[in-house]
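Here's the structure we're looking at; comments come further down.
The values are calculated or read from the model by the stated rules, or taken from the named source; none is laboratory data. Since the model is a prediction, treat every value here as computed from it, not as a measurement. Methodologically, a virtual Cβ is constructed for each residue, glycine included, from the backbone with ideal geometry; neighbour enumeration extends over all protein chains shown. Remember, those area values only see protein heavy atoms, side chains included, never the ligands or the DNA or RNA. Shrake-Rupley method; radii C 1.70, N 1.55, O 1.52, S 1.80 Å.
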Amino acid sequence: MEDKKIINVNMLGGFSLSQGKEPIPLEYANTTKMIQLLISVLAAGNAGIPRKQLIDRLYGNDVLEDPAVTLRVNAHRLRKYLKKTEAFKDADCIRIKLGNYFWDRNEVPVELDTEVFVNAYEQAEMETDEETKLSYLMKACRVYQGDFLPELGGEEWVAIACADYQKKYFECLKEAEIILLKQDRHEELLELSEQACRYYPYEEFYLLQIDCLMSLGRFKEAMEVYEKATTFYFEELGLTPSEEMVERFHAMSDKVQYHAVVMTDIKQGLQEEKFQSGAYFCTYPGFTDCYHIVCRMLERNGQSAYLMLCTMIDREGRPLTDEVKLEKYMEKLKLAIGTSLRKGDFYTRYGMNQYLMLLNGLRLEDCVIIQHRIDGRFLSFGLKARAAIEYKVQPAAEDSLPKENITFTKTNSLWD
């Protein structure tokens with residue numbers, strides 16, 4: 001009897017089928033009822049899934065005259081489709097027994113990444129030998145490729161299973177971290193932390209990645225991870241670096257070594273990657289350094305500088321929180337600010353609905369002109385906003401007067 005090749009079923013990070021190293025293409029989207037039926041039967045394992053549960057899962061929100069008949073029709077279409085697929089070679093792999101739908105593994109052997117993952121997790125939980133336990137933990141972490149069936153994340157059964165797999169993954173990662181740190185195996189821990197950051201860009205995983213790189217003496221790479229993490233948190237979430245992240249930054253700064261033979265090499269390394277017109281956009285830590293430098297210069301040259309805070313607000317004057325609208329507006333507002341200010345000015349994303357600017361060498365009345373200029377550029381993009389831009393201005397130097405906020409609130413030109 002010819003050996004039957006195993007079909008690999010991947011559900012962590014997205015649904016796909018493969019045989020050996022060759023993918024098995026499916027002609028239908030993963031969100032179609034027929035492929036959802038295939039996914040449900042495969043995910044059910046050897047126990048199978050009851051007909052009633054399948055009907056609720058696939059057609060619970062649909063108005064159908066007879067959902068049981070619809071299920072039978074879809075199951076027939078699926079069997080017919082799979083039989084025509086080269087990998088299944090006329091096999092009848094979906095069976096019905098006592099009202100349960102299940103995959104016939106004798107007919108077509110399959111290996112599910114979810115089962116491999118859970119098996120490794122359970123083996124690790126039972127294991128007492130540290131090295132063997134670590135091998136199972138590492139296997140579980142490497143098998144895990146992201147959220148369970150992200151294409152169907154809106155389905156309740158998928159969301160429940162996804163949360164369970166994610167919880168197990170985090171447990172494996174934490175236990176592996178403890179053992180690997182104990183054994184000073186930073187290269188392997190770095191691999192796990194890099195993987196975790198790809199799937200879940202949480203600060204704790206970035207911190208772990210930075211710590212591993214620093215332990216390995218790879219300080220420049222650690223700095224690159226820091227810059228990537230802080231940029232992501234500023235631009236995507238509007239969050240400033242935590243104390244732990246800032247501590248890592250100072251530790252890295254003390255260790256990074258730069259080598260240059262002549263001054264021209266140093267100057268070349270300091271140049272901007274590409275020419276930028278308008279104001280200089282930087283991350284919040286960079287903006288903080290710029291602010292400190294400007295305030296020191298003000299003491300010497302006697303010029304003035306102002307901080308201006310731009311906030312997107314709604315009709316009631318509250319900060320705008322609608323994420324869909326907000327990202328569209330903030331992208332255009334960034335462009336409006338960058339092209340409205342001078343090259344010697346600085347700005348940064350301060351919050352999810354705010355930009356902070358540092359305006360050099362101007363008078364208070366010039367801030368009003370800048371406000372109108374930003375409004376004009378913003379409106380030129382053709383957005384019909386149900387929002388406005390609020391401006392708050394304060395002298396940059398602490399000993400400058402007046403101390404109070406000077407606030408300009410735009411209430412007319414941005415309304416649709």
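Points worth noting:
- Selection of first residues in region 98-121 that are over 14 Å from Leu42 (Cα atoms) and of second residues that are in a strand (DSSP E or B) and open to solvent by 20 Å² or more (accessible area, probe 1.4 Å), restricted to Cβ pairs under 7 Å at least 6 apart or on distinct chains, gives the following pairs, ordered by first then second residue: Gly99/Pro50.
- Test result for Asn100, farther than 30 Å from Ser215 by Cβ and out of contact with any Gly (no Cβ under 9 Å at 6 or more places or on another chain): no
- Residue match in region 136-157 (condition: at pLDDT below 95, open to solvent by 60 Å² or more (accessible area, probe 1.4 Å) and of a type in the set (S, T, N, Q)): no
- Taken over region 175-211, the criterion of being under 24 Å from the mean Cα position of the chain (by Cα) and of a type in the set (A, V, I, L, M) is satisfied by Ala176, Leu189, Leu190, Leu192, Ala196, Leu207, Leu208, Ile210.
- Checked against (1) aliphatic (A, V, I, L, M); (2) within 29 Å of Tyr202 (Cβ to Cβ); (3) modelled with pLDDT of 80 or more, Ala305 meets all criteria but (2).
- Of all residues in region 35-50, those that are crowded, with 17+ Cβ neighbours inside 10 Å and over 13 Å from Phe15 (Cβ atoms) total 3.
- Residue list for region 19-34, restricted to those being of a type in the set (S, T, N, Q) and either open to solvent by less than 40 Å² (accessible area, probe 1.4 Å) or over 28 Å from the mean Cα position of the chain (by Cα) (or both): Gln19, Asn30
Conditions tested, residue by residue: (1) open to solvent by 30 Å² or more (accessible area, probe 1.4 Å); (2) under 18 Å from Phe170 (Cβ atoms); (3) free of Cβ contacts under 8 Å to residues at least 40 places away in the same chain.
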residue	(1), (2), (3)
Glu191	yes, yes, yes
Glu194	yes, yes, yes
Cys197	no, yes, yes
Glu203	yes, yes, no
Met214	yes, no, no
Ala222	no, no, yes
Ala229	no, no, yes
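- The residue list Arg57, Arg77, Arg72 contains one member that is over 37 Å from the mean Cα position of the chain (by Cα), over 19 Å from Val110 (Cβ atoms) and touching a residue at least 40 places away in the same chain (Cβ under 8 Å), which is Arg77.
- For beta carbons closer than 8 Å, sequence separation of 6+ or different chains, a first residue in region 22-47 that is over 13 Å from Trp157 (Cβ atoms) and a second that is of a type in the set (A, V, I, L, M) and assigned to a loop (DSSP other than H, G, I, E, B), the qualifying pairs are Ile24/Ala87; Asn30/Leu149; Ile35/Leu26; Ile35/Ala29; Leu42/Met11.
- Here Glu111 meets the list (1) in contact with a Gly (Cβ under 9 Å, 6 or more places away or on another chain); (2) assigned to a strand (DSSP E or B); (3) under 22 Å from Glu22 (Cα atoms) almost entirely, failing just condition (1).
- Here is the figure for region 229-243: residues that are within 10 Å of the chain's Cα centre (by Cα), of a type in the set (D, E, K, R) and at pLDDT 80 or above total 0.
- Spans of helices (runs of 4 or more DSSP H) in region 19-96 with at least 2 residues small (Gly, Ala, Ser): 33-43, 67-84
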